[in-house]
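Let me begin by presenting the structure, written as structure tokens, before commenting on it.
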Number of protein chains: 2
Amino acid sequence: MELSDLGEFSLIDRISVGCLIRPSDVTAGIGDDCAVVPIDKGRSLLLTTDMLIEDIHFWKQDIIPELLGRKSLAVNISDIAAMGGIPKDAVLSLGLPVRTDLVYIDRFYDGIKSIAGEFSINILGGDTVKSPDRLVINIALTGEAPSDEILYRSGAKEGDIIFITGFPGNSSAGLNLLDSGRDFEAKDELFEFHLNPRPQYRQGRIIAESKLASSLIDISDGLLADLGHICRASSVGAIVRRADVPIGSLLQAYCEKYNLDPLDFALGGGEDYILLGTVPEKSSDILKGLLEKDGFAYFPIGTITCDLGTKLGNPDGSRSAIDPSGYDHFK
Amino acid sequence: MELSDLGEFSLIDRISVGCLIRPSDVTAGIGDDCAVVPIDKGRSLLLTTDMLIEDIHFWKQDIIPELLGRKSLAVNISDIAAMGGIPKDAVLSLGLPVRTDLVYIDRFYDGIKSIAGEFSINILGGDTVKSPDRLVINIALTGEAPSDEILYRSGAKEGDIIFITGFPGNSSAGLNLLDSGRDFEAKDELFEFHLNPRPQYRQGRIIAESKLASSLIDISDGLLADLGHICRASSVGAIVRRADVPIGSLLQAYCEKYNLDPLDFALGGGEDYILLGTVPEKSSDILKGLLEKDGFAYFPIGTITCDLGTKLGNPDGSRSAIDPSGYDHFK
């Protein structure tokens with residue numbers, strides 16, 4: 001049996017068995033955006049890592065090295081944000097083809113350092129090795145949070161409101177535009193969502209400090225796929241109201257121009273790096289107020305149900321079942 | 001200018017500039033075996049990462065997946081040992097060709113889990129992604145230590161004794177045997193040094209707890225190269241007495257059979273993952289006693305000098321300058 005027959009999420013289940021030698025020392029291991037390890041009575045260490053491989057996760061002709069550097073760290077910051085944590089220290093491994101131009105490496109590091117500066121992250125070292133032909137990037141990032149503020153995928157309860165903190169689908173529309181070579185007047189703005197995502201660390205902190213939310217994740221696999229992760233971890237289901245999913249003006253304009261359905265991008269597209277969470281109904285407006293006070297978006301888009309599986313609520317009141325599988329790296 | 005013109009260590013110097021946004025929060029960043037970040041008054045977090053790429057760092061036909069898993073984690077444990085720390089939690093990124101057989105992945109994880117169990121390390125998650133053609137492994141490992149016990153590369157002083165905690169050169173002799181396809185009666189035992197290194201965590205803890213040593217590193221680049229790292233970080237030089245470098249019986253037998261000089265392996269070969277350190281002369285015998293009490297080896301092999309550069313002391317009393325450059329990933 002080969003990896004392609006199994007898929008990413010089944011692989012993770014398969015390899016997770018026996019990974020914890022000291023289970024009592026860990027709050028969360030495999031299966032959330034970050035691992036969580038208590039540091040002392042009130043604080044926990046967060047730990048996350050992401051690998052990006054040339055020609056799989058990025059193509060050198062599509063992204064300038066500064067943005068590649070930024071995005072490499074951004075995806076890790078977003079994992080910390082998805083737990084409500086504060087990003088702290090990064091170690092960076094780079095597999096470099098020997099013919100790599102030094103200016104390319106300098107520009108890549110300029111990108112890393114610029115986003116590290118914005119989020120007050122120290123780059124503490126790493127490993128630089130030779131790669132046969134492709135650039136390979138791995139970042140491991142630590143974070144910290146008061147233990148009682150950390151948000152997991154597993155806390156969603158029946159009746160909770162499902163919310164997102166931005167407009168989903170812009171990143172995948174940007175990728176679609178890039179891949180198709182189509183023309184679009186606001187090309188660069190749409191590319192920007194895909195190539196230079198802004199991790200929502202401050203939103204994550206506001207949600208965490210409020211102690212109102214019951215679960216949180218970042219949208220990396222796609223809205224429905226990531227909602228599926230919350231549902232699976234929380235043993236609940238979800239209904240997303242089609243009409244309440246916010247569509248950004250750029251995505252709307254792009255889809256109108258090419259006769260595409262913006263919901264396909266908003267529900268299925270990945271790499272938005274906005275936050276998706278759940279909150280008890282009575283606290284939803286309070287949380288919305290806290291985020292909006294600081295100028296951040298908050299959209300309630302559905303409700304957690306006791307029936308497993310995710311459904312879409314149509315404007316006519318009917319409900320349609322959907323496949324929340326999302327992007328699977330190996331299928 | 002390309003990477004191959006510059007080399008690994010110059011690259012590290014080049015990219016290190018501007019990596020610390022909050023320098024006061026860090027005890028050691030780029031340039032030691034691990035980064036060191038204070039956790040609270042008395043304790044520090046250690047952080048290290050290593051990337052292994054197929055056809056650069058390993059060849060699938062040379063190493064079974066269980067041993068590849070073990071070695072991937074072992075090199076990180078050795079970095080923690082080289083600071084005198086206690087290994088704690090690992091996150092593992094794997095870039096997998098889609099045609100990878102699941103049994104291979106299972107066996108690789110069996111290796112990871114077996115060494116994790118021996119060193120009481122929790123595997124807390126990571127990232128599994130598709131790779132175009134080669135297996136890529138990245139592990140980031142945390143550790144912990146009382147802050148006043150941590151050993152750096154930078155503490156060596158003139159007159160200090162240089163010591164090692166094992167027989168150097170066995171790993172590179174194993175690699176030489178593997179590459180050459182030669183015959184050798186104790187083939188498997190010599191391979192074992194290269195394919196299944198045992199990180200010297202307990203030795204590192206004994207040395208750290210004694211608070212006697214002035215510097216410590218693990219031998220990954222080679223004895224002289226790693227001694228060069230200590231000398232450079234400590235702004236000192238070194239003289240290694242040729243006759244005092246211990247040669248293991250297997251290395252001796254292999255070199256006798258093929259008319260090779262065991263010192264070439266012992267001084268120049270890498271990946272031994274034994275510890276190399278310095279200690280004030282008056283404390284050398286005490287440290288030796290502490291290690292030997294628990295059955296561990298301790299060999300004084302030279303002295304730290306105020307003259308920069310590393311020299312070899314010959315049995316006739318003469319001294320010869322040597323090139324401590326060691327293995328450079330990019331040259």
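The values are calculated or read from the model by the stated rules, or taken from the named source; none is laboratory data. Values in this document were obtained by computation on a predicted structure and should not be read as measured data. Every residue, glycine as well, gets a Cβ built from its backbone with ideal geometry; the counts of neighbours run over all protein chains shown.
The set of residues in region B:199-247 being closer than 16 Å to B:Gly270 by Cβ and assigned to a loop (DSSP other than H, G, I, E, B) consists of B:Pro199, B:Gln200, B:Ile219, B:Ser220, B:Asp221, B:Gly222, B:Val245. If I ask for residues that are part of a helix (DSSP H, G or I) and either under 18 Å from B:Arg242 (Cα atoms) or touching a residue at least 60 places away in the same chain (Cβ under 8 Å) (or both), which ones from region B:268-287 would you list? Once the filter is applied, which keeps residues that are part of a helix (DSSP H, G or I) and either under 18 Å from B:Arg242 (Cα atoms) or touching a residue at least 60 places away in the same chain (Cβ under 8 Å) (or both), region B:268-287 yields B:Gly268, B:Glu281, B:Ser283, B:Ser284, B:Ile286, B:Leu287. When B:Ile322 is tested against the conditions (1) modelled with pLDDT of 85 or more; (2) β-branched (Val, Ile, Thr); (3) under 29 Å from B:Glu8 (Cα atoms), the lone failure is (1). Looking at A:Ile15, A:Ile64, just one residue is facing chain B (nearest Cβ under 10 Å) and more than 16 Å from the chain's Cα centre (by Cα), and that residue is A:Ile15.
Would you point out the residue of region B:91-108, among those that are in a strand (DSSP E or B) and more than 7 Å from every other protein chain (Cβ to nearest Cβ), that is farthest from A:Ala140 (Cα to Cα)? So the residue we want is B:Leu94.
Of all residues in region A:18-44, exactly one satisfies the criterion of being at the interface with another protein chain (Cβ under 7 Å from one of its Cβ atoms) and closer than 14 Å to A:Gly84 by Cα, namely A:Ala35. Residues in region B:1-12 that are more than 7 Å from chain A (Cβ to nearest Cβ) and assigned to a helix (DSSP H, G or I) were compared, and the one that is farthest from A:Glu118 (Cα to Cα) is B:Asp5. Remark: B:Asp244 falls outside the filter, which requires a residue to be acidic (Asp, Glu), surrounded by 21 or more Cβ atoms within 10 Å (Cβ to Cβ) and at pLDDT 95 or above. Would you confirm whether or not region A:71-90 contains a residue that is within 7 Å of another protein chain (Cβ to nearest Cβ), under 20 Å from the mean Cα position of the chain (by Cα) and either over 24 Å from B:Val26 (Cβ atoms) or assigned to a strand (DSSP E or B) (or both)? There is at least one residue in region A:71-90 that is within 7 Å of another protein chain (Cβ to nearest Cβ), under 20 Å from the mean Cα position of the chain (by Cα) and either over 24 Å from B:Val26 (Cβ atoms) or assigned to a strand (DSSP E or B) (or both). Looking at A:Ala238, A:Ala225, A:Ala208, just one residue is touching a Gly at 6+ places or on another chain (Cβ under 8 Å) and closer than 14 Å to A:Gly302 by Cα, and that residue is A:Ala238. Among the strands (runs of 3 or more DSSP E) confined to region B:115-165, the ones with at least 3 residues that are buried (at least 21 other Cβ atoms within 10 Å of the Cβ) and at the interface with chain A (Cβ under 9 Å from one of its Cβ atoms) are located at B:122-130, B:136-146. Against the condition at negative phi and surrounded by fewer than 22 Cβ atoms within 10 Å (Cβ to Cβ), how does B:Lys282 come out, does it pass? The answer is yes for B:Lys282.
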